[in-house]
Protein chains: 2
Amino acid sequence: MRGRGPAMAEEAAVRAQADAVRRLKQDKADPDEIAKEVAKLLEMKAQLGEDEGKHKFVLKTPKGTRDYGPKQMAIRERAFNAIISCFKRHGAEVIDTPVFELKDFDIAGQFDPMIPDAECLKIVHEILSDLQLGDFIIKVNDRRILDGMFAVCGVPDSKFRTICSSVDKLDKVPWEEVRSEMVGEKGLSPEAADRIGEYVQLHGGLDLIERLLQDPKLSQNKLAKEGLGDMKLLFEYLTLFGITEKISFDLSLARGLDYYTGVIFEAVLLHQENEHVEEAVSVGSVAGGGRYDGLVGMFDPKGRKVPCVGVSIGIERIFSILEQRLEASEEKIRTTETQVLVASAQKKLLEERLKLISELWDGGIKAEMLYKKNPKLLNQLQYCEDTGIPLVAIVGEQELKDGVVKLRIVATREEINVRRESLVEEIRIRTSQC
Amino acid sequence: MRGRGPAMAEEAAVRAQADAVRRLKQDKADPDEIAKEVAKLLEMKAQLGEDEGKHKFVLKTPKGTRDYGPKQMAIRERAFNAIISCFKRHGAEVIDTPVFELKDFDIAGQFDPMIPDAECLKIVHEILSDLQLGDFIIKVNDRRILDGMFAVCGVPDSKFRTICSSVDKLDKVPWEEVRSEMVGEKGLSPEAADRIGEYVQLHGGLDLIERLLQDPKLSQNKLAKEGLGDMKLLFEYLTLFGITEKISFDLSLARGLDYYTGVIFEAVLLHQENEHVEEAVSVGSVAGGGRYDGLVGMFDPKGRKVPCVGVSIGIERIFSILEQRLEASEEKIRTTETQVLVASAQKKLLEERLKLISELWDGGIKAEMLYKKNPKLLNQLQYCEDTGIPLVAIVGEQELKDGVVKLRIVATREEINVRRESLVEEIRIRTSQC
């Protein structure tokens, strides 16, 4: 039993952390002080957690998420939930949070080309739309198209990778620089470089794919033709998903090519409508992925190639964008989900508040009350204003006689009497949008 | 861009892990082999994750949760959600998942005695009830009662702690052994030991509290009286919460006393109705907590004592109980939450399936489809049987003509035509219980 001590102390340390931060903030201490204080406490917390943490709901906090306050945690949770519910919407199963797997890819060939690939792009599209990160574009390309392109442009096989890494820079530096790197540093012939230049500056949709399928050089290359054929199929599926306006087939996209075997994609945020954010967070890549059929095969006892396509989301990047935006917008961020505060109009009603809040909790309602015996009604209403609780359930002698509860809508200050037995349902309905 | 490689490879490794395990299982390899394979993959995964993991939704898996499969993850998620939603129901805010803080305890004295303490017990009661872990009891005591008891029994102050740790053993060993430890090893007088014995073997409810308040010795001790008075208050509040039948005021409960300053409590599971489980998991403590007003004060610049009461849940213990039970019960555990499979009755309907599933995803429905161009209807229905998907939305030429979708309830094999525009709502209603 005494073994419990540490984990509880750990919990205490966490509360202490919140408490110290709050107090230091009140004292207008400089942020470094706060940071130091928090670090100290978390260190202690971590140590205390060592032995018993494993058995506790209160666990050692993972690196990287250590020093976040309730506000940031609320933002993070909101974003996390949006992403997780998107994965679940697509039938993903949790392999090991936060890693999900869509129904797999058991015996190779159990699926037809580009259907899962299209779903991965749909997932990225859904997540970025749900998170309202601002305008975005998902660049798509295919390793086979790149390899084919290099071949028909006269790049020697031995130079594929290094030339590819030059192309990869095109989202940051202008073509001229990339070209001189290819020719100057990497010894590619100027003719080959210019041919590449004609291709890698192209981007578009089905129309571009059709055009390249007619391209005298590319159409003669088996790999390129295969890749372009699949790219066309992909865009047909994306059209059915209604998301093509956010997808750009971009021949300069060349990510981790040693790794991918087919389609590759990358989602980038376009200019933020909000300058505050733009200053603070450099607009850029927030998600990426592609097909890597080979890799999983590596682990196959029988050496089979297991088809595999993956998405990965730049969650830390997304968090910081959301945090910056919310700071800029000065929107009040709730750190709890409390639907209703159970309040009393007169003194000596603590027992009645306890009875009512217990009914609400058992009815699945998120409810709070002040821990005071006889709190002033004004203080109770003020608490709702401060914490953003949308409803107040007020018990008073008259209401108790009449078997009703006065429900106050904080925003409008409107008050209605609700029969006690239908209070849970009433609260549920009125907060269903939250 | 190429920096992306590692994290994606990490993701691949995770898929590979699942894949390798699956395949090895098919090959009936012994579990050690699987474990080794998984360990190898996870090691690689961990390494690959090092540099980029922080920026990815796909993160290095925390120790302790590494080698869980989707089934276990599903069980864990279920339990985790039950606990988290309970905390949220009580207005807790996330300090640092999985650490929550109820609205705090800002200026000392902002609350009246035992109200938050009662809520903590209500929280434990709700969580253990929701999780259906079987019958349980929550033991409650108070440090002040213990200290007062030791005093009136004639235990010298210097021996409080060591005698307390002997009392703490009473849930495992009989009183006789504890007594001989007190007298033999710890040099307590037999008379004092016998007096302690009369108290620590008592447990009950309000009646016992009342009796002890009349106890000639205890009633003369300031600390004991204070503790008993608050314990009475606590039980009055717990009566209003309607949970007293699961609460036992137990004078032998003495956890981490150097640490707690007031109420202490501990929840223990009673005999499991299911022997399989009983064999496998030793019945015992699954949650605990108490008041530790001093501790947080340690961190207070002005040295104030900040009132603090904490709950901590033995989540690993709870997980293993749930896992054991589900194995024993042979209940089929779903690893996804998919509500409906979008299927087709005839060939050449891939585009129609893609259009429909996209509508469902955009409507917030969790939907899957087979990645085959022309899957057999029987295979599609079989997939639902295997994975536990409750509904099938079937598109066929006739349905498309009529602007309807055939909705099949897998369990009953009943089939109804639903107008396409009301399909999302129909699915939502039919799966609202899930």
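The values are calculated or read from the model by the stated rules, or taken from the named source; none is laboratory data. Please read these numbers as outputs of a predicted model, since none were measured by experiment. Because the Cβ atoms are built from the backbone with ideal geometry, glycine has one as well, and the counts that use them run over all protein chains shown. The protein model used for the area step is the full one, side chains on, heavy atoms only, and it has no ligands, DNA or RNA in it. Shrake-Rupley method; radii C 1.70, N 1.55, O 1.52, S 1.80 Å.
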Residues in segment B:346-385 that, when all protein chains are in place, have 50 Å² or more less accessible area than the chain alone would give (probe 1.4 Å): B:Leu354, B:Trp361, B:Tyr371, B:Lys372
Segment A:160-200 - Rg (one decimal) and Dmax (whole number), Cα, Å: 8.8, 23
Relative counts (whole %) of C-alpha pair distances in segment A:161-275, using bins that are 10 Å wide: 12, 39, 37, 11, 2
A:Glu327 accessible area, assembled protein chains, probe 1.4 Å, Å²: 130 Å²
Solvent-accessible area, 1.4 Å probe, carbon plus sulfur percent, for segment A:108-231: 51 percent
Cβ-based net charge around A:Pro375, under 11 Å, with every Lys or Arg adding one and every Asp or Glu removing one: +4
Chains A and B, summed buried accessible surface - 1.4 Å probe, Å², nearest 100: 11200 Å²
Ratio of the Cα radius of gyration of segment B:309-434 to 2.2 N^0.38 Å, where N counts its residues: 1.29
Listed pairs A:Lys355/B:Lys217; A:Lys186/A:Lys225; A:Lys222/B:Lys347; B:Lys88/B:Lys372; A:Lys169/A:Lys222; A:Lys71/B:Lys222 exceeding 32 Å between Cα atoms: A:Lys355/B:Lys217; B:Lys88/B:Lys372; A:Lys71/B:Lys222
Gyration tensor verdict on segment A:106-178 (Cα atoms; rounded if a/c is under 1.5, prolate if a/b is larger than b/c, oblate otherwise): oblate
Protein-only accessible surface order, largest first, of B:Asp135, B:Asp207 at 1.4 Å: B:Asp207, B:Asp135
Protein-only accessible surface order, largest first, of A:Arg420, B:Arg161 at 1.4 Å: B:Arg161, A:Arg420
Dipole of segment A:357-434 [Lys/Arg +1, Asp/Glu -1 at C-beta], most positive-end residue of A:Asn374, A:Val424, A:Gly388: A:Asn374
Long-range amide H partners of B:Asp142 with built H, under 5 Å: B:Ile264
